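Report on the following structure.
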Amino acid sequence: MKKELKAQVIEQIAAQLEQTPNFYITDIAGLNAEQTTKLRRACFEAGIKLTVVKNTLFEHVIKGMDNEEIKLVIPALKGNSAIMYTEVANAPAKLIKKLSKEGLEKPVLKAAYVQECAFVGADKLDELASIKSKEELLGDIIGMLQSPINNVISALQNAGGQTIAGLVKTLSEKE
């Protein structure tokens with residue numbers, strides 16, 4: 001590979017990491033064409049960008065970053081590596097688990113850098129899959145906020161209107 005081409009690839013990787021800081025390093029070696037197509041389609045549907053990259057070039061980009069935590073994934077850059085870039089932190093982990101249930105042995109998680117934390121090893125897959133996305137967290141918060149309001153409204157409705165009249169009378173007496 002020519003030096004100019006390497007510099008261009010390094011720039012592309014750095015730009016992708018800046019744009020999408022969450023990534024998974026996986027091993028997809030040995031997949032046949034049908035399995036690779038299935039994986040790429042599933043990644044596309046889940047909003048995951050899958051790229052195969054040379055370990056040395058990816059390592060060069062990571063070493064150039066001013067972040068010690070991200071450098072913890074460097075030992076995982078051995079053998080064949082594919083990078084899964086994602087906006088949703090747990091999407092690749094859920095996808096890998098889903099594909100393994102469907103009988104695909106690959107992709108295999110090597111490491112991940114998610115929400116400014118490094119995860120190294122295939123044993124971290126369950127932990128990564130349990131990370132809640134931004135949308136899931138917002139849903140939980142909204143549910144917690146709605147619960148007390150729903151209880152009050154339910155109690156007022158079950159009282160048959162008598163409680164509302166008493167409440168209005170009490171409020172009018174305070175003025």
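Observations, loosely collected:
- Once the range 102-133 is narrowed to residues that are among the β-branched types (Val, Ile, Thr) and more than 14 Å from the chain's Cα centre (by Cα), the residue that is nearest to Val73 (Cα to Cα) is Val120.
- Residues located in the range 132-161, provided they are open to solvent by less than 50 Å² (accessible area, probe 1.4 Å) and at pLDDT 80 or above: Gly139, Gly143
- Residue list for the range 7-44, filter: under 21 Å from Glu105 (Cβ atoms) and of a type outside the set (A, V, I, L, M, F, W, C): Tyr24, Thr26, Asp27, Gly30, Asn32, Glu34, Gln35, Thr36, Thr37, Lys38, Arg40, Arg41
- Residues satisfying the stated conditions in the range 2-18, i.e. open to solvent by 80 Å² or more (accessible area, probe 1.4 Å) and touching a residue at least 24 places away in the same chain (Cβ under 8 Å): Lys6
- Complete set of residues in the range 59-75 that are open to solvent by less than 10 Å² (accessible area, probe 1.4 Å) and in contact with a strand residue (DSSP E or B) (Cβ under 7 Å, 6 or more places away or on another chain): Ile70, Val73
The values are calculated or read from the model by the stated rules, or taken from the named source; none is laboratory data. Everything quoted here is computed from the prediction, not taken from an experiment. Backbone-built Cβ (ideal geometry, glycine too); neighbour counts: all protein chains shown. Heads up: the accessible areas ignore ligands, DNA and RNA and are worked out on the full protein's heavy atoms, side chains in. Shrake-Rupley method; radii C 1.70, N 1.55, O 1.52, S 1.80 Å.
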